[in-house]
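None of the figures in this text is laboratory data; all of them are computed from the coordinates on show. Just so it is clear, the structure is predicted and the values come from calculations on it, not from any experiment. Quick reminder, even Gly has a Cβ in these numbers, built from the backbone with ideal geometry, and neighbours come from all protein chains shown.
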Amino acid sequence: PAPAPASAATPDPAAAVAGRTIRKQDDFFREDGGNMRAAPPVAKKVDHEVRFGYVKGENRGKKAMKPAKTKNDPYYWMRDDDREDSTVLAHLRKENAYTRDRTAHLSPLVTSLYTELLSYIKETD
């Protein structure tokens, strides 16, 4: 038999339980053949070598690995301890917006669960 096209329905146990068919197309999903949803933001990759273990002139602890090992971290550029890099912040805003869009349908459930949780808490103030 010929292989199924990329847009063919793919089995997904969770979707089957929910009575839905998930179709894969262009690296993102759509439900029931409906309108395409925006693709998630993809962070650029920039090669950066990270060293683990002994590095001459640096305090890496008393038992630093010898020899040191290196690993490529293509997302190191996203490290921003001061939370001031505009490129990183812009990417995080895009990710947050995408997440809000994809989980908006859960808002009634979140409200219901929160209300139920509060019903079990005895207010003392």
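Structure notes:
- In order along region 69-83, phi translates into HN-Hα couplings of 10, 10, 9, 7, 10, x, 10, 4, 4, 7, 5, 8, 4, 8, 6 Hz, rounded to whole numbers, per the Karplus curve 6.51 cos²θ - 1.76 cosθ + 1.60 with θ = phi - 60° and x for Gly and Pro.
- Region 60-125: GluC sites (Glu not before Pro) in DSSP coil with no more than 16 other Cβ atoms inside 10 Å: Glu84, Glu123
- Remark: spin-label model distance Glu49-Lys71 equals 1.7 nm, labels positioned 7 Å along the Cα→Cβ axis.
- Full extension of the chain between Lys122 and Ala90 gives 7.4 nm of extra length, using 0.36 nm per residue less the Cα-Cα distance.
- Estimated from the Cβ-Cβ distance and a Förster radius of 35 angstrom, the FRET efficiency linking Thr111 and Arg79 is about 0.50.
- Evaluating 6.51 cos²θ - 1.76 cosθ + 1.60 at θ = phi - 60° for every residue in region 91-96, the Karplus couplings come out as 5, 5, 4, 5, 4, 5 Hz, glycine and proline recorded as x.
- Across region 99-113, rounded Karplus estimates of 3J(HN,Hα) from the backbone phi angles (6.51 cos²θ - 1.76 cosθ + 1.60, θ = phi - 60°) give 5, 4, 5, 6, 10, 4, 5, 8, 3, x, 5, 4, 4, 4, 5 Hz, Gly and Pro being marked x.
- Amide hydrogen neighbours beyond the local backbone of His48, cut-off 5 Å, H modeled: Asp73
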